[in-house]
1. Being modelled with pLDDT under 90 and in contact with a strand residue (DSSP E or B) (Cβ under 6 Å, 6 or more places away or on another chain) is the filter here, so list the residues in region 1-35 that pass it.
2. For residues in region 47-99 being among the charged types (D, E, K, R) and in a loop (DSSP other than H, G, I, E, B), which is surrounded by the most Cβ atoms within 10 Å (Cβ to Cβ)?
3. Among the listed residues Ile77, Ile84, Ile49, Ile63, which satisfies the condition of being under 10 Å from the mean Cα position of the chain (by Cα), at negative phi and of a type in the set (A, V, I, L, M)?
4. Return the total of residues in region 25-70 being free of Cβ contacts under 8 Å to residues at least 24 places away in the same chain, farther than 20 Å from Ile84 by Cα and of a type in the set (A, V, I, L, M).
5. For region 102-113, how many residues are assigned to a loop (DSSP other than H, G, I, E, B), under 19 Å from Ile76 (Cβ atoms) and not hydrophobic (A, V, I, L, M, F, W, C)?
Amino acid sequence: MFNFFGLRRNRCQCRNMIYNLVNYETARAMIEDNSNILIDVRTKREYDIMHIQNAVNIPVEQIRNCESEYKDKKGIIVYCASGIRTKEAINILNSMGYTNIYIWEYGALSNFPYKDMLKI
């Protein structure tokens, strides 16, 4: 499994970003578990077109507005279309004190393999 920088790791602290890299099966189980929160950081328009079931839409520009909202969640799973906004969201969440962040490879919807979990 590769993180954003092509290094093979599970717990990553790359360029000051702290997150946990999980495989797709683990990501699916975490999404289906209500003790975790799945955040789609794309725009509302993108979210309305298609998103992963159980995802809440918080565009990356609004992440700071939920400072304490998800402190009680076991894990925060973040994704966007390609991984670029996922990295930005991780940086913001880290600056707010969150380290219980999880992503699958690149945190991108484009490579999420479970089409049965998509809401179109």
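The values are calculated or read from the model by the stated rules, or taken from the named source; none is laboratory data. Note that the coordinates shown come from a computational prediction; the quantities given were computed from them, not determined experimentally. Reconstructed Cβ throughout: ideal geometry from the backbone, glycine too, with neighbour counts over all protein chains shown.
1. The answer is Met1, Asn3, Phe5, Asn10, Arg11, Cys12.
2. Kept after step one, since they are among the charged types (D, E, K, R), are these residues of region 47-99: 48, 61, 64, 67, 69, 71-74, 85, 87-88.
If we keep only those that are in a loop (DSSP other than H, G, I, E, B) as well, we get 67, 69, 71-74.
On the way: Glu67: 12, Glu69: 11, Lys71: 12, Asp72: 8, Lys73: 15, Lys74: 13.
Looking at the filtered set, the residue picked out is Lys73.
3. Numbers: Ile84 fails: under 10 Å from the mean Cα position of the chain (by Cα); Ile49 fails: under 10 Å from the mean Cα position of the chain (by Cα); Ile63 fails: under 10 Å from the mean Cα position of the chain (by Cα).
Of the residues listed, the single one that is under 10 Å from the mean Cα position of the chain (by Cα), at negative phi and of a type in the set (A, V, I, L, M) is Ile77.
4. So the answer is 1.
5. Initially, region 102-113 is screened for residues assigned to a loop (DSSP other than H, G, I, E, B), giving 104, 112-113.
Restricting the remaining residues to those that are under 19 Å from Ile76 (Cβ atoms) gives 104, 112.
Now drop any that are not not hydrophobic (A, V, I, L, M, F, W, C), which leaves none.
Qualifying residue count for the region: 0.
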